[in-house]
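Before any comments, here is the structure.
The values are calculated or read from the model by the stated rules, or taken from the named source; none is laboratory data. As the structure is a prediction and not an experimental result, all values here were calculated from the model. Using ideal geometry, Cβ is built from the backbone for each residue, glycine included, and neighbour counts are taken over all protein chains shown. Ligands, DNA and RNA are stripped out before the accessible areas are found, and what is left, the full protein with its side chains, is counted by its heavy atoms. Shrake-Rupley method; radii C 1.70, N 1.55, O 1.52, S 1.80 Å.
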Amino acid sequence: MHLNPYGEYAVLLAASLANEWPEDRQGIETRTLDMGMTMTFPPASGDHADVRAVIDEWLEIVDETDPDARAALLNTRLAESAAYPRLTNHDGEGWHLHYRDDVPSMPFVLRAIINLGTALHLVTRGMGRLGRCQAPPCTNVVADVTRNGRQRFCSVRCANRAAVRRHRARGVLTPAAVDAATERQFVPIRS
């Protein structure tokens with residue numbers, strides 16, 4: 001038997017869905033499979049909108065910066081979605097634990113997995129390791145799964161953009177400074 005890695009993969013799945021929302025239900029299911037889930041679910045007419053509601057609820061947790069308030073909000077979500085642990089063996093995964101009722105509904109399962117995974121992520125890695133990208137205007141979710149716990153940007157692109165902004169803020173090679181230097185150095189010759 002093995003314990004599911006609910007924390008990391010569930011939080012990364014939620015961040016992926018929040019940062020790049022799929023166009024349809026099939027896109028959500030494809031993403032869940034690409035991110036490590038092995039279960040598929042019978043389609044229901046409201047799946048796309050209902051999973052969007054799950055992600056929007058999760059974003060309230062992401063955006064809560066006070067650890068006590070974040071924990072209270074997450075505890076409420078866990079009470080709504082989680083159940084007692086149970087052994088299960090499906091899809092060739094071997095025996096493992098589920099922390100939810102066996103309801104074959106994509107929104108129900110994702111709500112339980114994402115909330116439990118977020119709780120595990122925050123208590124094992126730290127309450128501050130979930131937030132928004134620190135490179136404005138980007139608002140993507142950052143689920144910090146790094147070893148050193150210092151991930152502040154959603155991508156290398158945003159990290160580079162922030163570095164350029166910091167460099168320019170120090171007064172080195174600002175566009176205005178370049179223009180001013182250029183005007184002083186190149187005086188037009190009058191004939």
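Rolling a 1.4 Å probe over the protein heavy atoms leaves Met37 with an accessible area of roughly 10 Å². Could you tell me the distance between the Cα centroids of the range 20-48 and the range 145-170, to the nearest Å? Using only Cα atoms, the two centres lie 31 Å from each other. In this simple spin-label approximation, Glu60 and Ser45 carry label points 7 Å from Cα along the Cα→Cβ vector, and these lie 2.7 nm apart. Give me the net charge for the shell around Arg70: Cβ to Cβ below 15 angstrom, other residues only, Lys and Arg +1, Asp and Glu -1. Local net charge: -3. Given a 1.4 Å probe and the protein chains as shown, Trp21 ends up with an accessible area of around 70 Å². Between Ala169 and Asn89, the modelled label-to-label distance comes to 5.6 nm, taking each label 7 Å out from Cα in the direction of the beta carbon.
By a 1.4 Å probe calculation restricted to protein chains, Asp68 has an accessible surface near 120 Å², given to the nearest 10.
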